[in-house]
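Note sheet for the following structure.
The values are calculated or read from the model by the stated rules, or taken from the named source; none is laboratory data. Note that the structure is a prediction, hence the values are computed from the model and not measured. Because the Cβ atoms are built from the backbone with ideal geometry, glycine has one as well, and the counts that use them run over all protein chains shown. Ligands, DNA and RNA are stripped out before the accessible areas are found, and what is left, the full protein with its side chains, is counted by its heavy atoms. Shrake-Rupley method; radii C 1.70, N 1.55, O 1.52, S 1.80 Å.
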Amino acid sequence: MNANLNIFNKEYLKRNIFALIKPPMENQEADIQEEVTFDIFRNEVLKDYKICCISRETSLLGRKEVLSGKAKFGIFGDGKEVAQVAMAKFFKNGDFRSGYYRDQTFMFASGLATVEQFFSQLYADPDIKNEPFSAGRQMNAHFATKMVDENGDWLDLANTKNISADIAPTGGQMPRALGLAFASKFFRNVKETHDLKELSNNGNEVCFCTIGDASTSEGHFWETMNAVGVLQAPLAVFVWDDGYGISVPKIYQTTKGSISEALAGMQKQDGTNGIDIYKLKGWDYAGMCETLAHAITRIRETHTPALFHVEEITQPQGHSTSGSHERYKLEERLSWEKEWDCIKQMRTWILANNLAEEEELVTIEENAASFVKESKQSAWKNYLNPIKEMVAKAVSLLHAEANGIPQIKRTADELNAIREPQRRDVLKAIATSLDQMDKGAASGLKNYFDELYSSNTKLYDAHLYNEGPKSALKVAVIAANYDNGAPIVNGYEVLNRYFDQLFATNKKVAAFGEDLGQIGDVNQGFSGLQEKFGRDRIFDTGIRELTIMGQAIGMALRGLRPIAEIQYLDYLLYGLQPLSDDVATTHFRTAGQQSVPVIIRTRGHRLEGIWHSGSPMGMIINALRGMYVCVPRNMVQAIGMYNTLLQSNDPGLIIECLNGYRLKEKLPSNLLEYTVPFGIPETVNQGDDITIVSYGSTLRIVIEAVDSLQKLGISCEVIDVQTLLPFDINHLIVESLKKTSRILFVDEDVPGGAAAYMFNKVMEEQGGYRYLDVSPRTLTGKAHRPGYGSDGDYFAKPNTEDVVRVVKEMMEE
Ligand SMILES: Cc1ncc(C[n+]2csc(CCOP(=O)(O)OP(=O)(O)O)c2C)c(N)n1
């Protein structure tokens with residue numbers, strides 16, 4: 001017997017019994033009869049062994065399904081089974097998981113996924129009843145649980161086990177994990193939230209996070225570990241260390257080849273912050289249960305984060321279905337992996353400790369195999385039957401309406417003969433046949449095509465944004481009111497008064513970012529408010545844009561209303577990845593089951609120098625489909641946008657004008673009520689000769705130019721688009737163009753950036769080309785960034801004289 005195995009003895013049993021069975025026995029008397037305890041212990045172990053066997057069979061059969069062509073790609077959790085049944089024991093109601101594609105066993109053990117559902121996702125079944133994680137949108141093993149209902153109300157997350165939707169970019173789960181854990185700290189510390197019983201049990205939840213050893217090379221991992229070490233939030237990070245990132249071994253990934261060694265300086269000591277670090281062996285069931293029992297309790301109670309470096313994990317089938325690991329693993333490693341397969345080791349341990357007879361284990365294994373086979377078949381039937389029905393109906397209509405055209409009959413027969421048809425086969429067969437028929441002849445077929453096209457398009461396209469009552473586009477429009485003699489104040493003071501009122505009335509709101517707490521942000525929007533509302537709601541963060549975004553994501557998923565700040569728009573790039581990959585896809589990739597209403601606040605457009613003048617709007621709007629992008633021309637408009645977002649479940653980015661904080665604005669009297677509707681441009685100057693479309697800081701340049709042009713007898717209509725996403729949903733701009741027949745799009749992005757996007761929207765989507773008398777134009781910034789100083793700005797960004805010149809040219813054309 002191998003000396004590394006925990007052989008059962010009385011002392012060991014006692015320790016492990018309590019580690020293993022504590023959760024179900026919480027209400028029992030302490031001195032339980034040892035025999036009774038032993039039975040419970042034994043059953044618990046065998047139940048776990050069964051889940052491991054089921055999960056392994058799922059991996060083996062799953063791979064076969066891909067290799068036989070029934071699914072496109074497969075990635076499985078074989079080799080991680082034992083560690084994950086151990087981990088799942090301590091995952092309680094109210095807890096969250098932010099993980100990656102290896103966690104099927106954890107999902108099975110937590111009761112959050114069935115094998116049948118796993119196969120439905122492998123087949124990309126778009127029926128959410130069969131595939132409840134993403135309705136066929138995500139690759140297999142990308143899990144999620146439902147967190148909001150159809151009305152956009154948060155479910156009782158404090159009493160369910162919760163899975164934030166997985167994403168494929170390695171390490172992308174880390175920033176979100178920080179936020180999910182941090183939300184518990186917020187709920188614990190902000191007493192006003194203690195009545196939000198459905199969202200948190202006073203912050204007693206743990207966020208379980210999983211990551212592969214190679215993905216710890218990502219900056220996301222390091223930034224998260226540092227941030228959580230500082231913040232002291234209840235985060236449990238499990239590193240599944242199988243030694244490789246696809247083919248690249250960990251000596252090329254991690255300093256000293258060990259993530260726990262590399263992180264040692266972050267180890268929490270008496271009287272310091274930091275993280276607890278544990279080393280576990282992925283085949284050591286009893287050892288893992290024992291450590292986790294006390295470690296997770298400590299995280300829950302003390303909010304001390306921990307890293308579990310789970311070593312000696314294997315990958316029996318290699319990384320994924322994309323290749324075989326025999327290509328890059330040495331024979332020695334492959335045979336070590338066989339010997340140290342966690343299920344094999346757990347089996348040996350069970351037998352060595354007399355927890356079961358060989359026969360009993362064989363029965364468990366055989367039952368697991370047949371159960372997985374049945375689940376797989378059932379998932380396949382569920383997936384295929386609706387398509388077969390479509391095929392049958394299409395074939396019968398094709399025959400009925402072929403009107404003697406042989407090619408159509410052939411198409412029908414070919415469609416009928418496909419063994420594993422897909423929706424697109426049906427649509428293609430009908431579409432190509434309709435092309436050969438007289439228009440209007442095949443009405444049944446045409447109707448069926450339209451029906452299929454629309455229902456399937458919805459199946460694959462819906463939920464990019466909230467579509468129900470919590471859509472930002474459904475927020476009631478309320479205008480700003482002004483009292484007689486309303487004060488005229490600086491832009492930053494308008495914001496400051498608004499945030500003051502907001503924090504006094506909405507306990508779910510938090511604001512954070514670099515220099516946002518103590519000094520109240522670099523432009524004083526939050527000046528004095530930390531003192532008033534406390535450090536738990538308004539606070540400074542480290543310089544870590546990526547995880548500031550993650551902090552917001554996790555909080556928003558848990559029903560809070562974070563306003564997370566990126567100090568300058570130029571630094572949004574550091575935080576763009578989680579916004580693009582995570583925020584913008586959350587509602588879509590969960591088919592509407594999760595919402596992440598973050599508000600990202602930043603300031604940008606022209607000021608001074610290469611990194612305080614950026615307006616990379618084209619990049620942003622192309623990266624953030626799934627978020628709303630607001631470009632207010634002043635702070636009063638910005639507040640209306642904050643109000644709109646706060647009433648909805650949609651995520652949004654608000655870019656305040658960096659040069660607008662000291663400009664005077666009239667203070668509205670209904671700061672908390674008025675809203676700015678999204679996608680509705682505002683005409684800020686009426687005119688007849690030319691339409692000028694712009695937004696943000698450039699708008700002021702345009703207005704200056706318009707005054708000069710007026711003197712030259714040219715009358716300009718100026719339109720502020722207000723939001724780039726969405727863009728002019730009622731096509732108001734083309735109405736202006738109908739009147740003026742000339743149009744100029746002005747912004748300070750690079751050529752081909754957001755101005756080109758606006759141009760495309762108006763010309764193609766709104767059919768603006770029909771109303772043009774002269775060629776439409778864009779006036780943008782230069783391709784390079786502005787040099788420092790006012791002249792740098794003048795020669796790089798469009799200025800008043802440029803607008804005047806271009807408009808005059810267009811008038812003379
Ligand atoms: C940002 C990013 N880069 C590269 C990839 C491609 N990729 C997918 S998995 C993987 C290796 C991950 O290895 P590890 O973190 O050890 O996890 P394992 O798959 O071994 O469990 C790579 C490089 C990706 N998904 N995302």
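Remarks
- Surface per residue (accessible, 1.4 Å probe) for the stretch 303-408, Å²: 48
- Cα gyration tensor category, rounded, prolate or oblate, for the stretch 315-356 with a/c compared to 1.5: oblate
- Surrounding net charge for ALA556, when Lys and Arg each add one and Asp and Glu each subtract one, Cβ distance under 14 Å: +4
- Heavy-atom accessible surface of the stretch 690-783, averaged per residue, reaches 36 Å², computed with a 1.4 Å probe.
- Accessible-area ranking of TRP154, TRP336, TRP240, largest first, probe 1.4 Å: TRP336, TRP154, TRP240
- The chain: angle of helix 545-557 to the longest principal axis, Cα-based, in degrees nearest 10: 80
- Think of each Lys and Arg Cβ as +1 and each Asp and Glu Cβ as -1; about the Cα centre, that makes the dipole of the stretch 555-640 roughly 260 debye.
- A protection proxy built from the mean count of other Cβ atoms within 10 Å ranks the segments 557-563, 457-463, 194-200, 43-49, most packed first, as 557-563, 43-49, 194-200, 457-463.
- Farthest toward positive dipole pole in the chain [+1 Lys/Arg, -1 Asp/Glu at C-beta], among GLY660, HIS309, GLY212: GLY660
- In summary, the lysines within cross-link reach of LYS428, defined as a Cα separation below 16 angstrom excluding same-chain residues under 8 places away, comprise LYS388, LYS393, LYS409, LYS446.
- Within straight-line reach of LYS532, meaning a Cα separation under 17 Å, sit the following aspartates and glutamates at least 8 residues removed in sequence or on another chain: GLU192, GLU493, ASP500, ASP515, ASP521, ASP540.
- Carbon + sulfur, % of accessible area of the stretch 591-724 - ligands and nucleic acids excluded, 1.4 Å: 51
- Kirkwood Rh (inverse of mean 1/r, distinct Cα pairs), the stretch 405-446, angstrom: 10.7
- Å³ per residue enclosed by the Cα convex hull of the stretch 135-251: 117
- Set LYS72/LYS508; LYS197/LYS279; LYS129/LYS761; LYS70/LYS250; LYS50/LYS129; LYS72/LYS329 screened for pairs whose C-alpha atoms are more than 31 Å apart: LYS72/LYS508; LYS197/LYS279; LYS129/LYS761; LYS70/LYS250
- Mean Cβ neighbour count within 10 Å, used as a protection proxy, ranking 667-675, 547-555 highest first: 547-555, 667-675
- Descending principal axes extents, the chain, alpha-carbon based, whole Å: 98, 85, 48
- D (Stokes-Einstein, µm²/s), Kirkwood Cα radius, the stretch 300-383, 1.567 mPa s at 4 °C: 78
- Tilt relative to the chain, helix 358-401 - C-alpha long axis, 0 to 90 degrees, to 10: 40
- Simple rule: put +1 on each Lys or Arg Cβ and -1 on each Asp or Glu Cβ in the chain, find the dipole, and look at GLY640, PRO776, ILE566; the Cα lying farthest toward the positive end is PRO776.
- Which of GLY626, VAL477, LEU709, positive extreme of dipole for the chain (C-beta unit charges): LEU709
- Amide H to amide H distances under 5 Å link ILE610 with TYR788, where only residues 5 or more positions off or on other chains count and H is placed in the peptide plane.
- With helices as the sole contributors, the chain gives -13500 deg cm²/dmol at 222 nm; each DSSP H run of n ≥ 4 counts as -39500 (n - 2.57), and the sum is divided by every residue.
- The aspartates and glutamates whose alpha-carbon is closer than 20 Å to the alpha-carbon of LYS439, local same-chain residues fewer than 8 away aside, are GLU401, ASP450, GLU451.
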